[in-house]
Structure formats: C-alpha cells, structure tokens
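Every number here is computed from the coordinates shown, using simple stated rules; none is lab data. Everything numeric in this text was worked out from a predicted model, so none of it was measured. For neighbour counting, all protein chains shown are included, and Cβ atoms are generated from backbone atoms with ideal geometry for every residue, glycine included.
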Amino acid sequence: MEKKPYYITTAIAYTSGKPHIGNNYEVVLADAIARFKRKEGYDVFFQTGTDEHGQKIENKANAANVSPKEFVDGVAGQIKDLCDLLQISYDKFIRTTDDYHEKQVQKMFKKMYEQGDIYKGAYEGMYCTDCEAFWTESQLKDGKCPDCGRDVHPAKEEAYFFKMSKYADRLIEHINTHPEFIQPVSRKNEMMNNFLLPGLQDLCVSRTSFKWGIPVDFDDKHVVYVWLDALSNYITGIGYDVDGNCDEKYKKYWPADLHLIGKDIIRFHTIYWPIFLMSLGEPLPKQVFGHPWLLMNNDKMSKSRGNVIYADDLVDFFGVDAVRYYVLHEMPYDNDGNITLELIAERTNSDLANTLGNLVNRTISMSNKYFNGSVNCYEVALEPQMAAIEDDLKECVTGAVDKVREKMETLRVADALTEIFTVFKRLNKYIDETEPWVLAKDESKKERLATVLYNLVEGITIGASLLEPFMPDTAGRIAKQLNTGLRDLDSLKRFGLYENGNHVTDQPEILFARLDMADVAKKEEELAAKQAGAQNKEIKEPGIEIPAKEEISYDDFAKMQFQVGTIIACEEVPKSKKLLCSKVQIGNEVKQIVSGIKQHYSAKEMVGKKVMVLVNLKPATLAGVLSEGMLLCAEDEDGNLALMVPEKEMPSGAEIC
C-alpha cells in the first residue's frame with residue numbers, strides 16, 4: 001500500500017547571525033511532528049533552510065569586511081550545524097542563494113509582472129532595515145517599527161508593487177471556508193480583523209537601495225523583495241517550475257500539509273504567501289500554524305538585550321534530548337513559554353532523571369538481581385484487587401497511543417509528551433503497588449514476580465516507542481538496554497509483544513544524572529560572561545571620522561539654547577533646490593527656520609515631527625527668507641541627512657541639556 005505524502009516546513013532562518021534557542025525551538029517542534037508522522041506511516045518530506053538576501057545582511061557583510069556570499073555561507077553553516085546537533089531529521093536544507101531557487105524567483109516575478117499583478121511605481125515612507133519593510137506614519141507604534149520595535153528612517157525609491165487587493169476577496173473567502181487554514185484561531189482573527197477586512201495596501205516587492213538580492217532580470221536596477229524571495233522556498237525546494245516542468249516531488253507533496261512558523265511572521269505566511277500562490281495559479285498550503293515564542297526570564301530573547309541562550313551551550317551541559325524535551329514540553333499551544341538553565345535543570349531532575357531514568361534503571365536492576373536478566377511472563381491467578389491493578393496498568397499503557405495521536409493531530413505537542421510521561425508515572429506507581437522486593441522473599445511468588453517485571457519491561461518498551469519522535473536518542477538507548485526494538489504505533493495497542501525469555505542488559509545505563517543546582521548556577525554565570533565577551537567582540541558598524549574642531553569650555557556650550565520643537569507647517573523655499581522653510585512651535589512661541597534638507601525630506605512629511613532646535617542662533621536671511629534658528633541633523637559620509645529627534649515623547653519646548 002502506497003504511503004500517504006505529508007509535507008512539513010519551517011520558516012527558513014535569516015542568516016544575519018547565529019540563531020538562539022528561541023529560534024531553534026521551531027525546528028525541534030517540526031522535527032517531532034515529522035518523526036511522529038513517519039511513525040504513523042506517512043511518506044514525510046521535511047524542509048528547512050536559510051533566508052540569505054536583504055539589506056540587513058549586506059550591511060552586516062560590509063561591517064565584517066567580507067562579501068555577502070561569504071557572510072551568509074558562514075552563518076548558514078552555523079545554522080545547519082545546530083540543526084544536526086539537535087538531531088533534526090530534515091529531508092531538504094534549502095538556501096535562497098541556491099541557483100535553482102534564484103532562477104525560479106526571477107521567473108515568478110516576471111510572470112506576475114506580465115500578467116499585471118506587479119506594476120512599477122515609487123515608494124516613500126518609513127523603512128525598517130531589520131524587518132525590511134516600509135511603513136506609513138500612521139502604522140508606526142510610538143514612532144518605531146510596529147513589528148520589531150526598532151528605529152525606522154525615511155526612505156524614497158523607485159519600486160515594483162504587487163496588487164494585493166486583487167486577490168483579497170478570494171483569500172478572505174478561503175479563510176472563511178477553511179477554518180483549519182490558520183491556527184491557532186487567535187492568529188486567524190488577528191489577520192482578518194487587523195489586515196484583511198480593513199483593506200490591503202499594494203505591497204512593495206522590489207528594492208533599488210541595495211544590491212544583495214535576486215536581480216529582477218528585466219530591470220537590473222531592482223532586486224526582489226526579500227519576502228517574495230524567501231516565501232517561494234516552500235515550492236522551489238521541492239522542484240516547482242514556473243514554466244510547468246515541475247519535479248515529481250512537487251506533484252507529490254504540494255500543497256504543503258503544514259507551514260510551521262513563529263507568530264511574528266504570521267502575516268507574511270497567511271496573507272502575502274497565499275496571494276502570491278493565487279497569482280501563480282498554485283494551490284494554497286493546507287495549514288499555517290503560528291507557534292508562540294520561547295522567552296528568556298519571561299522576556300523576548302535579543303542579542304542587544306544580552307538575554308539569549310544558544311542550543312550548543314545547552315546541549316553541552318544538559319545533553320540533546322534534555323534540551324529537546326524541555327522546549328517541546330514547556331511550550332504552551334497558544335501562549336509564550338519560558339526558559340532558564342534553572343528551569344531546564346528542575347525539569348531534567350523531576351521528569352527525566354526521576355520519573356523515566358529511575359524507572360528504567362530499577363526495572364533492569366531488579367530483572368538482573370532476581371532472574372539474571374531473563375524476562376518472562378506467566379499465567380498467575382490474582383486476587384480481585386491485584387487483578388484490577390493489572391488491568392488498569394495495561395489500559396493506561398495501551399491506551400496512550402490514541403491519546404498521543406489525538407494531541408499530535410491538533411499540534412498539541414506538549415500535551416502529547418505529558419500523555420507519554422503519564423505512562424512512565426503509572427509504571428512507577430505499579431512498582432509501589434506490587435512491591436517486587438516483597439514478592440522476592442517468597443519462593444511461591446516467583447512467577448508473579450517475573451510477571452510483574454515483564455509488565456514493567458513491556459510497559460517501558462511501549463512508552464519508549466511513543467517517546468521516539470520527541471527524544472530519539474533516549475528512546476533508542478532504552479530499547480538497547482531492554483534488548484528489543486522500538487515499535488510502530490499500530491502495535492502499541494497490544495500488550496505482551498516483548499519476547500518471553502529475552503534478556504535485558506546486565507549493566508543498566510544512567511539515562512539522566514541528577515543535576516546539582518549549584519553547578520547549574522555556576523554554568524549560568526559562565527554563559528552570561530561568555531555572552532558579554534561575545535558582545536564586546538562583535539563587529540560594529542564602521543564609524544565616520546570627521547576633523548576635530550577647536551576645544552570649547554562649558555561656558556561656551558552653556559550659551560547655546562537647545563529645545564524640542566514641533567513642526568506645525570512647512571513649505572519649499574521658491575527657487576531653491578535645497579531649502580525648506582518650517583514653522584516650529586517651541587513652547588508657546590513659533591519660530592521660522594530655514595533648513596537645507598529638501599533633498600532628504602518632503603515638506604509634507606516634515607509636518608508633525610518633533611525635532612531638536614538650536615533656538616538662540618542669530619537670525620539670518622537665506623534665499624530671501626528669514627531663519628530664526630537651526631534644526632539639528634546628523635550627516636553620513638555620503639551627505640545623507642537625518643533629523644535629530646527625541647528618543648521618547650517630549651513636550652514642545654522641553655530643554656535639551
């Protein structure tokens with residue numbers, strides 16, 4: 001019987017730097033789902049990879065004094081190494097610098113343009129380099145990027161735009177008729193209420209202000225917008241061809257069964273990506289799941305905040321499966337999770353060392369002590385109370401597979417792990433109920449003792465088989481010690497398949513050693529120091545050297561009066577290519593200030609800005625217009641200007657000191 005295909009993807013990791021454990025959580029989650037689907041009998045194709053274009057990467061490469069390709073090669077290698085370290089069973093690791101991907105993206109862009117979905121225009125707005133996104137003033141949050149909270153700057157450039165509104169109604173209908181398409185439901189409501197129903201604006205899909213991107217082949221001044229490039233990996237990675245010559249893998253696996261992504265990029269995957277697919281005439285993915293974030297001390301991880309943990313450091317201290325277990329078990333379905341070394345240690349000691357490790361060790365040790373490692377089951381008459389305990393144990397163990405399947409079907413992975421550890425807890429309770437050490441004192445109870453140990457070995461085998469997708473190394477180590485194989489899911493409803501007379505290992509291995517919390521605290525201090533050192537060594541953006549001016553005294557400085565002003569009106573100075581004339585309210589006074597910033601700001605976008613003003617500059621006449629002060633600006637090596645604005649909201653007239 002031919003296996004049913006199942007295609008799962010993660011978001012591809014951005015190659016601006018080494019990912020932290022909050023980023024790696026996604027591939028571990030996807031891996032658990034992929035492994036479970038394989039165990040269910042599906043023909044799984046699991047794709048992950050790296051997103052390697054964009055202005056941010058170009059800037060980072062310049063700062064590191066290497067080419068963008070050299071830069072992304074290094075970071076992509078780190079990302080792939082971390083996937084391998086965490087035992088991620090991907091079938092394809094795609095890079096958006098792969099030749100095939102780049103050629104297909106160019107063909108997609110051209111097709112969209114030729115059929116009228118993309119048109120050429122110009123964009124003017126506030127630009128976030130980190131998100132590579134334009135925003136209008138009204139979309140900003142406290143003057144910052146609404147997505148990442150970082151600074152934005154004014155930008156204007158020629159660009160190609162995608163007519164998003166052309167497909168908006170179709171997408172709304174699809175979401176309404178496919179309730180499973182966006183999960184969890186809270187993400188669906190957010191997309192509908194905040195973006196789709198108010199109306200979509202056309203999307204900028206090319207850039208000219210940098211070069212590190214896929215060139216638009218019919219207009220080489222432009223490179224393809226990073227999201228159109230990155231999102232397309234889901235189909236190029238399995239052999240999609242715009243001209244219709246698709247690989248057999250594409251025909252087999254598309255549409256994807258699951259796009260697994262972070263909640264912060266849900267908009268791109270549930271609005272932009274489906275619309276791009278509609279434009280290409282391709283089916284939409286079956287489901288997009290926006291998982292929550294893994295926080296550090298209940299705060300979003302950020303290198304700039306100095307609160308990140310890296311997977312390789314965690315694996316070095318705790319081991320691969322302890323890290324996998326923690327991030328999978330401690331992440332709620334729809335709310336953010338939290339991670340610290342102390343929390344991982346506590347969970348390792350309670351669940352992995354005590355509940356699981358101790359259970360396996362005790363069972364093997366008793367089998368060796370009482371029967372030289374031989375495991376046998378006998379038909380033994382039991383009194384009603386003990387028979388009820390026996391039935392309850394077997395029902396718990398064999399009933400677990402359906403419960404785990406049900407949880408995994410709805411992507412409640414943490415709950416699935418809880419069900420598996422319920423089995424191990426029940427087996428520990430069974431030891432207390434049957435008291436093998438008491439049975440061993442009575443020769444007439446020898447067959448009953450053997451059967452109790454057989455039940456434990458069989459129960460552990462079933463539990464380990466369920467555990468395999470989540471903790472593959474641990475499951476394999478348990479099976480090896482029990483001298484048996486891990487079973488497929490369908491066989492786990494049957495109790496008693498462990499071979500009678502088989503022998504467990506004579507030297508039980510400690511699966512998880514208990515951790516001393518003092519050692520954990522010491523490790524936490526070491527990692528904090530390591531991170532601080534790395535931050536100090538991090539290559540910063542090159543600075544600008546300017547000639548030093550004559551030293552002044554504080555008294556000279558104190559003569560200058562700087563205040564916050566609000567621009568209430570602005571217009572171009574007639575017959576001037578450089579000058580704007582602004583009306584600036586400073587406290588209860590309005591001053592007229594002429595500034596040579598016309599090439600960097602339009603008169604319209606100046607209105608409403610809070611600016612820093614040198615108030616007591618002697619009035620002067622510029623191009624026939626009186627100027628009563630000076631707006632403070634910063635200037636780079638290329639002569640680009642940026643107005644100096646207060647970091648926080650300040651009232652007009654506030655003194656700058």
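Give a residue-ordered list of calculated ³J(HN,Hα) values for segment 68-77 (Karplus: 6.51 cos²θ - 1.76 cosθ + 1.60, θ = phi - 60°; whole Hz; x for Gly, Pro).
x, 5, 4, 4, 6, 4, x, 6, 4, x
Restricting attention to the alpha-carbon atoms of segment 296-407, what are Rg (one decimal) and Dmax (integer), both in Å?
20.3, 67
If one computes P(r) from the Cα atoms of segment 68-147, what percent of pairs lie at distances over 17 Å?
On the way: 2219 of 3160 pairs.
That fraction is 70 percent.
So which of 39/425; 80/425; 604/648; 39/92 end up more than 29 Å apart, counting from Cα to Cα?
80/425, as the Cα separations exceed 29 Å there.
Please state, rounded to one decimal and in Å, the Kirkwood hydrodynamic radius that segment 340-503 gives when every pair of distinct Cα atoms enters the mean of 1/r.
Kirkwood radius, segment 340-503: 16.3 Å.
Can you compute 3J(HN,Hα) from phi for each residue in segment 97-111, using the Karplus curve 6.51 cos²θ - 1.76 cosθ + 1.60 with θ = phi - 60°, rounded to whole Hz and x for Gly and Pro?
My calculation for segment 97-111 gives 8, 4, 4, 4, 4, 4, 5, 5, 5, 4, 5, 4, 4, 5, 4 Hz in order.
Under 30 Å between alpha carbons: how many lysine pairs meet that in segment 152-263, if sequence neighbours fewer than 8 apart on the same chain are excluded?
The result is 24.
Which whole-number percentage describes the relative contact order of segment 340-503, with Cα contacts under 8 Å and a sequence gap of 6 or more? Each step should come with its number before you reach the end.
Values: 158 pairs, mean separation 49.5, N = 164.
Rounded, it is 30 percent for segment 340-503.
In square nanometres, what is one fourth of the surface area of the convex hull spanned by the alpha carbons of segment 445-532?
Quarter of the Cα hull surface area: 8.6 nm².
Pull out the extension gain between residue 529 and residue 220, defined as 0.36 nm times the separation in residues minus the alpha carbon to alpha carbon distance; nm, one decimal.
Residue separation times 0.36 nm, minus the Cα-Cα distance, leaves 106.6 nm.
Using a Cα-Cα cut-off of under 24 Å, which lysines could be cross-linked to residue 523, ignoring same-chain neighbours fewer than 8 residues away?
18, 300, 303, 537
If you split all Cα-Cα distances of segment 253-311 into 10 Å bins from zero, what percentages do you get per bin, shortest first?
Answer for segment 253-311: a P(r) of 20, 38, 22, 18, 3 percent.
In Å, what Kirkwood hydrodynamic radius results for segment 105-235 from the alpha-carbon pair distances?
Kirkwood hydrodynamic radius for segment 105-235: 16.2 Å.
For segment 219-264, what is the Kirkwood estimate of the hydrodynamic radius, computed as the reciprocal of the mean inverse distance between distinct Cα atoms, to one decimal in Å?
12.4
Identify all lysines with a Cα-Cα distance to residue 446 below 23 Å; exclude those on the same chain that are fewer than 8 residues away in sequence.
Residue 446 reaches 369, 394, 429.
Considering only DSSP beta bridges whose two residues both sit in the chain, what percent are antiparallel, to the nearest 5?
About 70 percent, rounded to the nearest 5.
What's the whole-number percent of alpha carbon pairs in segment 1-155 lying beyond 24 angstrom?
It works out to 52 percent of all Cα pairs.
Whole-Hz Karplus ³J(HN,Hα) for segment 136-148, in order, using 6.51 cos²θ - 1.76 cosθ + 1.60 and θ = phi - 60°, x for Gly and Pro?
Listing the rounded values in order: 7, 4, 5, 7, 5, 10, 6, x, 10, 4, x, 8, 10 Hz.
Classify segment 554-656: rounded, prolate or oblate, from the alpha-carbon gyration tensor (a ≥ b ≥ c, eigenvalue square roots; a/c under 1.5 rounded; otherwise prolate if a/b is larger than b/c)?
Here segment 554-656 falls in the rounded category.
For the chain, count the residues as N, evaluate 2.2 N^0.38 Å, and divide the Cα radius of gyration by that value, please. Can you show the working numbers first?
On the way: Rg = 31.5 Å, N = 657, 2.2 N^0.38 = 25.9 Å.
Normalised Cα radius of gyration, the chain: 1.22.
Using the Cα centre as the reference, give the magnitude of the dipole from point charges on the C-beta atoms of the chain (Lys, Arg: +1; Asp, Glu: -1; all else neutral), rounded to the nearest 20 debye.
Dipole of the chain, to the nearest 20 debye: 920 debye.
Suppose only helical runs count, i.e. DSSP H with n ≥ 4. What mean residue ellipticity at 222 nm does that imply for the chain under -39500 (n - 2.57) per run, divided by all residues and rounded to the nearest 500 deg cm²/dmol?
-12000 deg cm²/dmol
Sequence-distant or interchain residues sharing an amide H contact under 5 Å with residue 43, placed H: which?
For residue 43, the qualifying residues are 4, 6.
With the dipole of the chain worked out from charges on the C-beta (+1 for Lys and Arg, -1 for Asp and Glu) around the Cα centre, which of 370, 489, 438 lies farthest toward the positive end?
About the Cα centre, the residue reaching furthest to the positive side is 489.
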